[in-house]
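Student: Got a structure here, written out as structure tokens. Questions coming.
The values are calculated or read from the model by the stated rules, or taken from the named source; none is laboratory data. As the structure is a prediction and not an experimental result, all values here were calculated from the model. As a convention, Cβ positions derive from the backbone with ideal geometry for all residues, glycine included, and neighbour counts pool all protein chains shown. Side chains are part of the model used for accessible areas, which takes the heavy atoms of the whole protein and leaves out ligands, DNA and RNA. Shrake-Rupley method; radii C 1.70, N 1.55, O 1.52, S 1.80 Å.
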Amino acid sequence: MRYCYIHIGPRNGDANPNEGAEGFNTMTIQPGKWTRIVHEIPDFHRDAMKEIAIYCCQSDAPEGRVDEKMRFYLGEVAMEAVEADACRGWDAASRIAYCHSGYDTHGAKSAVTQIKASLFCIEDAATGETVYEAPAQEVTSPIGTFTVADFTSFKKGGTFRLRIGQTVTESFRIDAHPFDSAFAKVLNYFAQERCGTAVDGVHEICHLNVFSCHPDGRRISIAGGWHDASNLAQSATNSSEITIAALETAAAVRARDPELAGRLLAEARWGLQWLLRTAFGDGYRPCYTDASVWTHNIEGASDDVFSDAARGAYANLMAAAAEAKGAVAFRSLDPYFADWCLRSAIRDFDFGTDTHEHSMPHRCQAEYYGAVLFAASALADATGDYDYLRRVEPYAERMLACQQKTLVGEMLQISGYFNKDETSGRPLAFNDEREHTLGLGLMRFTGRTKNEALRAKCMAAIRQYCDYLRVIVKINAPYGVLPAYIEDIDELKNHRPAAITDEQFSAANAHWHAQLKNGIQMDDRHYLRRMPIPKHGMGYFLPPLSRAKIAGEAAKLLGEDDLREIAVRQLEWILGFNPFSTSCVYGEGYNCHPLCVGFSGQFTGGVPCGIKSFGDDDTPYWPTANECIYKEVCVAPAALFLWIMSDLE
């Protein structure tokens, strides 16, 4: 066994409700080696501490059965009163929030702190020589008063440090491609998440006896592709997005870095092979399979895992887009493989648009319309048949009807965002975490359609959405991270979850009201959260990255550089330009926290689900505790992070 996955946490005998939320900590340790574990619990209610629990939740490995008798040795166990790391709120205090990877030579460059200073300087990292000096600006916003160091006018390339008062940052780069190191590490992360094959230093061949089962009795091993997160799951949609991100980024960097382009193509082919092999041929495929265990790779063993295949419209459309793009990318390199990709893309597109045959309806109509437009655009490119675009014109019209064209709110007025469907007026929210599908689908369709009248309407919608981004990017100034979503105070009342008691509903609704009222009130019903509602399960980096991808591509379509800066700022937030001055891409930059990797070791380039909020608060929260889901590595935000690289070339 290479690694052992353990949980550590204080328990308070249920005396306080936050026992599971704030005391929980996970670690992956290597057998035969001492692992020093430090667990700070500043937000755990310590007045009723009862015990510290340590338990193991993994006892097997793909390379063979582990001895059923495992021994754990504990040494130097102690509890200490310490000054805990800052982990809540917008205050930077004496830390400097800056992008650890660096800055684009000709782009915006700034840093934020709360150190009082009239001047700041940029120093050469090698010599310590001051190469730039400028006045620091005091900026007050609703989230606090900050000192901002703006050095956009400094356009010299090299490695530097920033000094404010007596505090100095670690070194960072200024050049034309400051994120190359981060992108290369994220690409490395995907190679380490491969399933169904041996990954050096991570695991041996795995999950050969995990099956997707068709309703007619057929079954396919889902080994291959990538593990979705620390739970070793598999997702068809995420696999498609990783594949598309790798293909498009390879095309973008090929002229500048052929070696990197080759690595990206290899990763894309790995994903394509899984998408092609695991399709049953009639629209059914393994849309999502949860393993949460290493299996023994022997069919018929007691640890076989079976999951129902589904005919999911969205999954088929995203697979069709990936396959169509694969057909173009491999047409000259491997014509046979490219032909397989194209035939599968045509078939999967038809399954995705056959509205009478879905076994898995999509939860968000606007997102589905975006996927139709996105896949049709990819197929038009791959086949040269622009009838695909004509066929999906009704979907474009429906998507346009989903946009909020009139202002919503009184104290704060916003328009241009998308609602879940054409009629309800319910804003797209965090559960619909693939907002980029809407934006990319609309832009790709707009750039290809021959219907000039419809193109004009689509272009107007794109411009209005970009104006929406320009408004909301100011909400969290001076950090510039895009806020979460507009929420309706009556959402739970109007859309009450099924199978919930009156008592449960009353508690959930009260909690919902408290969370929204800590956000920004727009009117009697609508609130804008700066940070996502913490009750949602998926990643807290997905909202800014999803919209960063739209902004990056819109910058090219419209020729408007400020949109590119919005996209860049979302990457910078993840790479250290946050109140905790922590880089959240493991192994890139400084002050990286261990991530929740579950059944493997720490992944260089791993991207977690992201900075969350605490309780009902609407402020950033990034504790040292290592817990899913916010600290859990996940391919969804990593794919978007990689995909944005294609817009920055």
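Student: Any chance you could check the Cα centroid distance between segment 496-561 and segment 575-635 for me, in angstrom?
Tutor: 20
Student: Among the aspartates and glutamates, select those whose C-alpha is under 15 Å from the C-alpha of LYS156, and discard any that sit fewer than 8 residues away in the same chain.
Tutor: By straight Cα distance, LYS156 reaches ASP104, GLU123, ASP124, GLU129, GLU133, ASP175.
Student: Which whole-angstrom value gives the distance between the alpha carbon centres of segment 113-192 and segment 224-300?
Tutor: Between the Cα centres of segment 113-192 and segment 224-300 lies a distance of 36 Å.
Student: To continue, here is another question. Please list, or write none, the aspartates and glutamates whose alpha carbon is within less than 13 Å of the alpha carbon of LYS420, excluding same-chain residues fewer than 8 places away.
Tutor: Filter leaves GLU367, ASP432, GLU433, GLU435, GLU487, ASP488, GLU491.
Student: Filter LYS109/LYS474; LYS405/LYS457; LYS116/LYS155 down to the pairs with a C-alpha to C-alpha distance above 19 Å, please.
Tutor: Check vs 19 Å cut-off fails for LYS116/LYS155.
Student: Which percent of the Cα-Cα distances in segment 288-338 go past 17 Å?
Tutor: Everything past 17 Å amounts to 60 percent.
Student: For the ranges 72-79, 372-379, what's the packing order if you count other beta-carbon atoms within 10 Å of each residue, average per peptide, and put the highest first?
Tutor: Final packing ranking: 372-379, 72-79.
Student: Any idea how far the Cα center of segment 397-465 sits from the one of segment 78-97, in Å?
Tutor: Using only Cα atoms to place each centre, the spacing works out to 40 Å.
Student: Still on this structure, please answer the following. Roll a 1.4 angstrom probe over the protein heavy atoms and tell me the percent of accessible area of segment 357-476 that is carbon or sulfur.
Tutor: Solvent-exposed carbon and sulfur of segment 357-476 make up 49 percent of the total.
Student: Can you spot the lysines whose alpha carbon is less than 28 Å from LYS33's alpha carbon? Ignore those fewer than 8 places along the same chain.
Tutor: Counting by Cα, and skipping residues close in sequence, LYS33 has these lysines nearby: LYS69, LYS185, LYS631.
Student: While we're on this one: For the chain, report the convex hull volume of the alpha-carbon atoms normalised per residue, in Å³, without decimals.
Tutor: 173
Student: Rounded to a whole number of µm²/s, how large is the Stokes-Einstein D of segment 170-305 at 37 °C and 0.692 mPa s, given Rh as the Kirkwood radius over C-alpha pairs?
Tutor: After rounding, the answer is 202 µm²/s.
Student: Would you mind calculating the relative contact order of the chain from Cα pairs under 8 angstrom and at least 6 residues apart, reporting the percent as a whole number?
Tutor: 16
Student: Also: Using DSSP to call loops (not H, G, I, E or B), can you name the trypsin sites (Lys or Arg not before Pro) in segment 74-143 whose Cβ has at most 15 other Cβ atoms within 10 angstrom?
Tutor: Numbers: sites: ARG88, ARG95, LYS109, LYS116; in loops: ARG95, LYS109, LYS116.
For trypsin sites (Lys or Arg not before Pro) across segment 74-143 that sit outside H, G, I, E and B with at most 15 neighbouring Cβ atoms in 10 Å, the list reads LYS116.
Student: Mind listing which GluC sites (Glu not before Pro) in segment 113-178 are in a DSSP loop and have 13 or fewer other Cβ atoms within 10 Å?
Tutor: Answer by residue number: GLU129.
Student: If you don't mind, another one. Assuming a viscosity of 1.306 mPa s and a temperature of 10 °C, what translational diffusion coefficient in µm² per second does Stokes-Einstein assign to segment 287-442, Rh being the Kirkwood radius over Cα pairs?
Tutor: In µm²/s, the coefficient is 91.
Student: If you roll a 1.4 Å probe over the heavy atoms of the protein chains, what accessible area per residue do you get for the chain, in Å²?
Tutor: 39
Student: At 10 °C and a viscosity of 1.306 mPa s, what translational diffusion coefficient does Stokes-Einstein give for segment 548-649, taking Rh as the Kirkwood radius over Cα pairs? Give it in µm²/s as a whole number.
Tutor: Taking Rh from Cα pairs, D becomes 110 µm²/s.
Student: Tally up the carbon and sulfur contribution to the accessible surface of segment 571-627 as a whole percent, 1.4 Å probe, everything protein left in place.
Tutor: The value for segment 571-627 is 47 percent carbon and sulfur by accessible area.
Student: Report, in deg cm²/dmol and to the nearest 500, the calculated mean residue ellipticity at 222 nm for the chain, where each DSSP H run with n ≥ 4 adds -39500 (n - 2.57) and the sum is divided by the residue count.
Tutor: The helix-only estimate for the chain comes to -11000 deg cm²/dmol at 222 nm.
Student: Quick one: Debye curve from the C-alpha atoms of segment 465-526, no solvent, what's log10 I(q)/I(0) at q = 0.14, 0.15 Å⁻¹?
Tutor: Rounded to two decimals, the profile gives -0.53, -0.59.
Student: Compare the peptides 451-461, 567-577 by average per-residue count of other Cβ atoms within 10 angstrom and give them in order, highest first.
Tutor: 567-577, 451-461
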